[in-house]
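Peer 1: Sharing a structure here in structure tokens format.
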Amino acid sequence: MTEPNRQVPAPDSALLTPEDPPPFEIVNGSGKAPLLLLCDHASNVVPRALDGLGLSPADLHRHIAWDIGAAEVSRILSARFDAPLALAGYSRLVTDCNRQADDPTFIVEVSEDTVIPGNRGLSAETVAARMDACYWPYHRAVEDLRAEMMARGPAPAVVSVHSFTPVFKARERPWHIGILWNRDPRLAVPLMDELTKNDHVVVGDNKPYSARDEYGYSIQSHGAEHGLPQVLVELRQDLLEDHESLRSWAGILGDALAAVLDDPDLYRVARFEGAAA
């Protein structure tokens with residue numbers, strides 16, 4: 001059984017040392033809700049051996065390194081619903097835990113307009129070492145948690161929490177919350193319906209990204225492939241800039257989720273094949 005707030009020691013590898021933090025954190029692993037929360041871009045930490053990937057501390061605090069505010073929102077939701085939560089321990093610039101390993105953006109050499117010196121010209125062995133240290137431990141932990149939850153029943157809903165920038169390459173993004181989904185409408189569609197009941201909330205349907213492209217690996221691998229209802233939620237970062245605003249938007253999202261999660265028919269295994277609607 002996964003223990004609440006468990007962190008595993010950093011593995012004995014050439015990449016991670018005992019001084020490095022663990023590659024994942026499990027919060028409230030024994031939570032009773034049939035809801036599995038994920039935060040793939042929770043951290044901006046880089047292993048010490050990678051020397052910050054050649055970036056400044058200021059760059060590592062930008063969106064290119066992590067989803068600002070997403071971890072805090074995830075923790076609030078975990079506490080509110082008594083739900084297990086898995087958080088990735090390292091920056092998406094080390095390996096992107098929401099991408100397949102063969103995706104061209106799995107380890108980026110340029111993010112937005114910023115060159116990532118420590119990611120240029122990597123060998124296959126170097127990429128494999130990063131995966132073994134930072135990527136696979138997180139995904140194995142999520143799978144262990146999912147399996148535990150399915151074994152005790154009912155089949156859980158999977159919600160992955162992210163955040164996005166209000167402006168990207170000089171283009172403003174008007175949405176407050178984006179709901180990313182592919183074929184399974186069970187969670188996404190009623191969640192959008194609930195959010196749009198609030199006249200002050202602008203909701204994006206597969207905006208500013210689309211889970212029908214390559215932006216939903218975690219909900220696909222840990223949710224859809226097991227027939228679980230799943231959704232990826234994106235919150236705009238300027239709404240999460242201070243503690244009061246962050247808690248307010250976590251509350252707005254939580255209220256909408258509570259209404260959707262109250263449906264007992266949600267918690268079943270179902271497969272959705274073919275093209276997305």
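The values are calculated or read from the model by the stated rules, or taken from the named source; none is laboratory data. Keep in mind that this is a model prediction, so the values were computed, not measured. Cβ placement follows ideal geometry from the backbone for every residue including glycine, while neighbour counts extend to all protein chains displayed.
Peer 1: Considering only residues that are of a type in the set (Gly, Ala, Ser) and not in a helix (DSSP H, G or I), look in segment 150-181 and name the one that is modelled with the lowest pLDDT.
Peer 2: ALA170
Peer 1: Further, regarding this structure: Go through segment 27-60 and report how many residues are of a type outside the set (Asp, Glu) and within 25 Å of ALA79 (Cβ to Cβ).
Peer 2: Counting residues in segment 27-60 that are of a type outside the set (Asp, Glu) and within 25 Å of ALA79 (Cβ to Cβ) gives 18.
Peer 1: Oh, and also: Every residue in segment 224-239 that is touching a Pro at 6+ places or on another chain (Cβ under 8 Å) and outside any loop (DSSP other than H, G, I, E, B), please.
Peer 2: GLU234, ARG236, GLN237, ASP238
Peer 1: Look at segment 182-193 and say how many of its residues are surrounded by fewer than 24 Cβ atoms within 10 Å (Cβ to Cβ) and either in contact with a Pro (Cβ under 7 Å, 6 or more places away or on another chain) or part of a strand (DSSP E or B) (or both).
Peer 2: 2
Peer 1: Out of all the residues in segment 155-172, which are over 16 Å from HIS41 (Cβ atoms) and either out of contact with any strand residue (DSSP E or B) (no Cβ under 9 Å at 6 or more places or on another chain) or of a type in the set (Phe, Trp, Tyr) (or both)?
Peer 2: Residues satisfying the conditions are ALA155, VAL167, LYS169, ALA170, ARG171, GLU172.
Peer 1: Out of segment 82-121, which residues are within 20 Å of VAL142 (Cα to Cα) and of a type in the set (S, T, N, Q)?
Peer 2: The answer is SER91, THR95, ASN98, GLN100.
Peer 1: Hey, among VAL73, VAL94, which residue is assigned to a helix (DSSP H, G or I) and buried (at least 24 other Cβ atoms within 10 Å of the Cβ)?
Peer 2: None of the others qualify; the one that does is VAL73.
Peer 1: Every residue in segment 108-126 that is within 16 Å of ASP51 (Cα to Cα) and in a helix (DSSP H, G or I), please.
Peer 2: PRO117, GLY118, ASN119, THR126
Peer 1: Mind listing just one residue for me: the one in segment 68-103 that is over 26 Å from ILE252 (Cα atoms) and hydrophobic (A, V, I, L, M, F, W, C) and, of those, modelled with the lowest pLDDT?
Peer 2: Selected residue: ALA101.
Peer 1: Here's something else I'd like to know. Return only the number of the condition from (1) surrounded by 20 or more Cβ atoms within 10 Å (Cβ to Cβ); (2) more than 19 Å from ASP144 (Cβ to Cβ) that HIS61 does not satisfy.
Peer 2: Answer for HIS61: the failing condition is (1).
Peer 1: Could you identify the single residue in GLU214, GLU241 that is within 16 Å of the chain's Cα centre (by Cα), at pLDDT below 95 and within 24 Å of ALA88 (Cβ to Cβ)?
Peer 2: When all the criteria are applied, what remains is GLU214.
Here is a yes/no grid of residues against (1) out of contact with any Gly (no Cβ under 9 Å at 6 or more places or on another chain); (2) over 30 Å from LEU228 (Cβ atoms); (3) not in a helix (DSSP H, G or I):
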residue	(1), (2), (3)
SER43	no, no, yes
HIS63	yes, no, yes
ALA83	no, no, yes
GLU148	no, no, no
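Residue by residue, here is whether (1) buried (at least 21 other Cβ atoms within 10 Å of the Cβ); (2) closer than 21 Å to ALA79 by Cα; (3) of a type in the set (Ser, Thr, Tyr); (4) modelled with pLDDT of 95 or more holds:
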residue	(1), (2), (3), (4)
VAL202	no, no, no, yes
GLN230	yes, yes, no, yes
LEU235	yes, yes, no, yes
GLY251	no, yes, no, yes
LEU257	yes, yes, no, yes
VAL269	no, no, no, yes
GLY274	no, no, no, no
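Peer 1: Being under 21 Å from ARG80 (Cα atoms), under 20 Å from the mean Cα position of the chain (by Cα) and in a strand (DSSP E or B) is the requirement here; does LEU246 meet it?
Peer 2: Against the criterion (under 21 Å from ARG80 (Cα atoms), under 20 Å from the mean Cα position of the chain (by Cα) and in a strand (DSSP E or B)), LEU246 does not qualify.
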